[in-house]
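Structure, as structure tokens:
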Amino acid sequence: MALVSAKEMLEKARDGKYAVGQFNINNLEWTKSILQTAEELGSPVILGVSEGAGKYMAGFKTVANMVNGMLECLNITVPVALHLDHGTYEGCYKCIEAGFSSIMFDGSHFPIDENVSKTKELVEVCRKKGLSLEAEVGAIGGEEDGVIARGECADPDECKKIADLGVTMLAAGIGNIHGKYPADWPGLSFDTLAAIKKKVGDMPLVLHGGTGIPTDMIKKAISLGVAKINVNTECQLAFAAATRKYVEEGKDLVGKGFDPRKLLAPGTQAIKDTVKEKMEIFGSVGKA
């Protein structure tokens, strides 16, 4: 199956009261693990690529070619969108040119009028090319590619301004953060989420920072219109822990040479397990 826009899968998720998982990719092993798990579970999936990860993987064109090759060679039949995560204005155009099927323009750090202007331009470009577009209002807390934000609750009226431009999905800050949540985190602001939902109507909403949010909060957010949930840190932690354990145990490293495929195998299995757990919580299993 070829890459698809995220529009149809998110509208189905919104109507079916479940969420599609976006899992960020950082290399071949991560990509393969996520795609295989999605296929095994019959779940639609969004592969997220930050600009930093795109640079690490030798450029967005390399990433698109790798993903398209895997879709064919692994016989992937579930819907898959390749999505730029927290893209800059320039990064969006690079990914459109490279063959991504979905992009996120993060204009949340701009004044609202500039966010509206740039988003409006990208809406028209994506519409002509059949791509899905995510926009953001209200900076998500934590750190993403070196950009640090406090985390804030978005203004529902500003959310409506962006939603009315015709974006596919909207990421709105509701107290969520990237990375691990601190012990004193007050939780998601469901009052803010409900107010945003009232303003934007049927617009599929996006929850960033899906790592560490309690399951009951996840399910409540889905009931209030969240149709896409992003996960990255949890996969990073699982991959690192499994790889570290393998090295510390000295398997295949002493007297047997060094095989990177064996070294990475425990980490890739940990990613599969993490993705499976999240897809089950989000309710996307069997919804391809």
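Derivation of every value follows stated rules applied to the coordinates shown; laboratory data play no part. These figures come from a predicted structure and were not determined experimentally. Reconstructed Cβ throughout: ideal geometry from the backbone, glycine too, with neighbour counts over all protein chains shown.
What is the Cα centroid distance between region 171-185 and region 1-65, reported in whole angstrom? For region 171-185 versus region 1-65, the Cα centre distance is 22 Å. Pair-distance distribution of region 180-288: all C-alpha pairs, bin width 10 Å, starting at 0; shares per bin in whole percent are 13, 34, 26, 16, 8, 3, 0. Given +1 at the Cβ of Lys and Arg, -1 at the Cβ of Asp and Glu and no other charges, the dipole of the chain around its Cα centre is 600 debye to the nearest 20. Multiplying the residue separation of LEU28 and LYS120 by 0.36 nm and subtracting their alpha-carbon distance yields 29.7 nm. Helical content of the chain, expressed as a calculated mean residue ellipticity at 222 nm, amounts to -15000 deg cm²/dmol (DSSP H runs of 4 or more residues, -39,500 (n - 2.57) each, divided by residue number, nearest 500). At q = 0.21 Å⁻¹ the log10 of I(q)/I(0) for region 1-157 amounts to -1.46, computed by Debye summation with a single uniform scatterer per C-alpha, solvent ignored.
Spatial offset of region 197-212 relative to region 78-115 amounts to 17 Å, using the alpha carbon center of each.
Sorted from greatest to least, the principal axis extents spanned by the alpha carbons of the chain come out as 64, 43, 36 Å. Hey, which of these cross-link pairs are over 30 Å Cα-Cα: LYS120/LYS278; LYS12/LYS278; LYS17/LYS276; LYS199/LYS287; LYS118/LYS287; LYS7/LYS32? The answer is LYS120/LYS278; LYS118/LYS287. Relative contact order, whole percent, for region 1-104 stands at 34, derived from Cα pairs under 8 Å and 6 or more residues apart.
With the contact rule set at Cα under 8 Å and sequence spacing of 6 or more, what percent relative contact order holds for the chain? Relative contact order for the chain comes out at 22 percent. Computed from Cα atoms alone, the Kirkwood hydrodynamic radius reported for region 1-84 is 12.9 Å.
For the options LYS180, LYS197, LYS128, a Gaussian network treatment of the chain with springs between C-alpha atoms closer than 10 Å singles out LYS128 as fluctuating the most. When Rg and the Kirkwood radius Rh are both evaluated on Cα atoms of region 62-129, their ratio Rg/Rh stands at 1.07.
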